[in-house]
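Below is one structure, written out as structure tokens, with a few remarks after it.
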Amino acid sequence: MANAADVGSSDGAPEIEITEGFRVGDLAAVVQLHSEVYAAEYGLDATFEAYVAEPLAQFAKARALNGERAGLIWFARTPDGVVGSLALIDGGDDVDAIRWVILIRALRGRGVGRALMQKAIDAAAARGKRSVELWTFDELKAAIALYEKCGFQNVERRTVQQWGKTINEVRMRRDLVHI
């Protein structure tokens, strides 16, 4: 269940451990991180919290019943607790979807996001998927840059009114090569 990998630190910052699978309190931590980060950094309202919480709870139930067939979820952890996450769920039609990507600001730029993305890409390939997709929005410039570095391309854009503001959503896809 727990597939740990340390993301090294040479600057005195705490070591970050990446684990796969839920522990008690992880759901609440992911919802809280999303709520706090997206409200503070992007001005999203409380409806975003429900947008994260409802499908995340459904995923956790499916994972409890069906194991890894339901998908995989990784957590970035420090001794203080969960500081980031990323999940890979079945998107249908030989596609996996990346969901619930979050990392606290203080730990960005240290390779943690890239490590989480690589775990998801590798897992999707191992699951025999043809591609991996995700939705984001255009204000997340650093995240989009990371996704592009990981081989994702923009495939769709749409403007929606949600979470208390106008959001320019971006769907991104990475095709997977199977040898």
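The values are calculated or read from the model by the stated rules, or taken from the named source; none is laboratory data. Since the model is a prediction, treat every value here as computed from it, not as a measurement. We place every Cβ from the backbone using ideal geometry, glycine too, and count neighbours over all the protein chains shown. Quick note on the areas: whole protein, heavy atoms, side chains included, nothing else; ligands and nucleic acids left out. Shrake-Rupley method; radii C 1.70, N 1.55, O 1.52, S 1.80 Å.
Where does the stretch 66-166 land on Rg(C-alpha)/(2.2 N^0.38 Å)? Please list the in-between numbers first.
Details: Rg = 14.2 Å, N = 101, 2.2 N^0.38 = 12.7 Å.
It is 1.12.
Just how much of Tyr147 is accessible, in Å², when a 1.4 Å probe is used and the result is rounded to the nearest 10?
Approximately 10 Å² of Tyr147 is accessible to the 1.4 Å probe.
Anything in the chain that counts as a DSSP H helix reaching 27 Å or more along its axis (C-alpha) with Kyte-Doolittle mean of at least -1.0? List them, would you? Please list the in-between numbers first.
Details: long enough: 47-66 (29 Å, 0.11).
Qualifying helices, which must be both long enough and hydrophobic enough, are 47-66.
Would you work out the relative contact order for the chain, in percent, from Cα pairs under 8 angstrom that are 6 or more residues apart? Each step should come with its number before you reach the end.
On the way: 287 pairs, mean separation 31.9, N = 179.
Result for the chain is 18 percent.
Is there a quick way to get the dipole size of the stretch 99-178? I mean about its Cα centre, with the Cβ of Lys and Arg at +1 and of Asp and Glu at -1; what is the value in debye to the nearest 20?
Numbers: 17 positive and 8 negative charges, 43 e Å.
Its charge dipole is roughly 200 debye.
Tell me which of Val132, Gln58, Ala76 sits at the most positive position along the dipole axis of the chain, charges placed on C-beta atoms (Lys, Arg +1; Asp, Glu -1).
With unit charges placed on the Cβ atoms, the residue in question is Val132.
Quick check on the chain: what does the Kirkwood estimate of hydrodynamic radius come out to from the alpha carbon pairs, in Å? Can you show the working numbers first?
Details: mean 1/r = 0.0598 Å⁻¹.
By the Kirkwood definition, the hydrodynamic radius is 16.7 Å.
What are the lysines whose alpha-carbon lies under 29 Å from the alpha-carbon of Lys119, with same-chain residues fewer than 8 places away excluded?
Cα-Cα hits under 29 Å: Lys61, Lys129, Lys141, Lys149.
May I ask you to order 150-158, 125-133 by the average number of other C-beta atoms within 10 Å around their residues, highest value first? Before the final figure, lay out each step's value.
Details: 150-158: 14.0, 125-133: 17.0.
Descending packing order for the listed peptides: 125-133, 150-158.
Pull up all non-local amide H partners of Val83: gap of 5 or more, or a different chain, and H-to-H distance under 5 Å with H placed in the peptide plane.
Placed amide hydrogens put Ala76, Arg77, Thr78 under 5 Å from Val83.
Can you compute the charge dipole magnitude of the chain about its Cα centre, using +1 on each Lys and Arg Cβ and -1 on each Asp and Glu Cβ, nothing else charged? Give it in debye, rounded to the nearest 20. If you can, show how the numbers build up before the last one.
On the way: 22 positive and 25 negative charges, 59 e Å.
Rounded to the nearest 20 debye, it is 280 debye.
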